[in-house]
Every structure is written in structure tokens, then in C-alpha cells.
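The values are calculated or read from the model by the stated rules, or taken from the named source; none is laboratory data. Please read all numbers here as calculations on a predicted model, not as lab measurements. Here the Cβ is made from the backbone with ideal geometry for all residues, glycine too, and neighbour counts use every protein chain on show.
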């Protein structure tokens, strides 16, 4: 048995939405031969709890556009590993540390991969923590909003040593 066309459609849409939110290491597995309860798993990683939540929000918005709502959500409170159960597919968005620790890929290594478009897979595992894309997007946004750069921020914080500063150990050291 292979994943249904609907499951493949949802998996690809979820992967694309994750990619749009700069997720790393996006993969989709056809688990229909192993599980009776779902046809596909989608995995994506993020480097912060905030990014995990943004990816989850993006996936939910994208899948809602094509008529799918999650039957169940887990882990949203902590933001380290969020599971979205769409019945046909299950999406796991994990903080990079959890992704490495739990290594879900090793559990499903014998399952076939669902081919994802190049727009999802290009450069994702090569980019360290999505930093290059975020830096470029944030710099452009900062310029549009006339926000401080890191150099301006250092000056604003007045990082010079003052005689009134606390000792290196902090108050009471």
C-alpha cells in the first residue's frame, strides 16, 4: 500500500509551508505500510522555540487553505516538539536539539521518502540554522523599518566600562 493522493498533497503542502518559514532538514515519509492510522510523516527542524511555533502556524495556515484542520495538536505549550495530527498525515516540528536526540528518521529509515519539490529541499540541510536567509530577510526588513543595526545597538547600550559598574561576580560577589 502507498500513501493516498490526499496524504501526499498534504505532506507536500506542509513541507512547503515549513520551508517558507525557514525550517531545516525537511523530510516526508510514506509510512502507510507500517502504520494503519496515518499515511505520511513530515519532519522539520527549527533552531528556537519561537521558530518552531512560527513553522507550526505556517503549516496550519497553509493546510487550512486546502481544507485540512488538525484533529489533534501536542507540545505547543513547550514549543520544543509540536505534533500536528491531520489523520492522513502527522507533522513533527522539532527544535534541532530534540530532532538530534530522538532521531525519528532512524525509526522510519526503511519507509520510502515522499519526493518533495526542489523549492522545499534546496539548501535546507546546508544552511546553518537558517541563519543566511534570516540575516538577509531581517536586514531588508530593518532597512525598511529604519531599525538599529548591531553596531548602533552596541552604541545605544553604552558598553564601555564604567567605574560604577558592579564587580565581575555581580552584586554581592
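Residue by residue, here is whether (1) farther than 16 Å from residue 24 by Cα; (2) at pLDDT 50 or above; (3) assigned by TED's automatic domain parsing to the domain that holds residue 24; (4) touching a helix residue (DSSP H, G or I) at 6+ places or on another chain (Cβ under 6 Å) holds:
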| position | (1), (2), (3), (4) |
| --- | --- |
| 67 | yes, yes, yes, no |
| 77 | yes, yes, yes, no |
| 91 | no, yes, yes, yes |
| 101 | no, yes, yes, no |
| 111 | yes, yes, yes, no |
| 120 | no, yes, yes, yes |
| 141 | yes, no, no, no |
| 163 | yes, no, no, no |
| 173 | yes, no, no, no |
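Among what's in the range 54-69 and is over 15 Å from the mean Cα position of the chain (by Cα) and buried (at least 19 other Cβ atoms within 10 Å of the Cβ), pick the residue that is nearest to residue 102 (Cα to Cα). Outline the logic, then answer.
Filtering the range 54-69 for residues over 15 Å from the mean Cα position of the chain (by Cα) gives 63-69.
Subsequent filtering for residues that are buried (at least 19 other Cβ atoms within 10 Å of the Cβ) retains 63, 68.
Values: 63: 26, 68: 27 Å.
Only one residue tops the list, namely 63.
For the condition outside any loop (DSSP other than H, G, I, E, B), assigned by TED's automatic domain parsing to the domain that holds residue 119 and closer than 19 Å to residue 117 by Cα, what is the one hit in 14, 54?
Values: 54 fails: closer than 19 Å to residue 117 by Cα.
Criteria check complete, one pass: 14.
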Any hit, the range 72-81, residues being under 17 Å from residue 3 (Cβ atoms), in contact with a strand residue (DSSP E or B) (Cβ under 7 Å, 6 or more places away or on another chain), in contact (Cβ under 8 Å) with a residue 12 or more places away in the chain and surrounded by fewer than 23 Cβ atoms within 10 Å (Cβ to Cβ): no
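Quick grid of which residues meet (1) within 16 Å of the chain's Cα centre (by Cα); (2) in a loop (DSSP other than H, G, I, E, B):
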position: 76; (1), (2): yes, yes
position: 79; (1), (2): yes, yes
position: 83; (1), (2): yes, no
position: 87; (1), (2): no, yes
position: 90; (1), (2): yes, no
position: 94; (1), (2): yes, no
position: 100; (1), (2): yes, no
position: 106; (1), (2): no, no
position: 111; (1), (2): no, yes
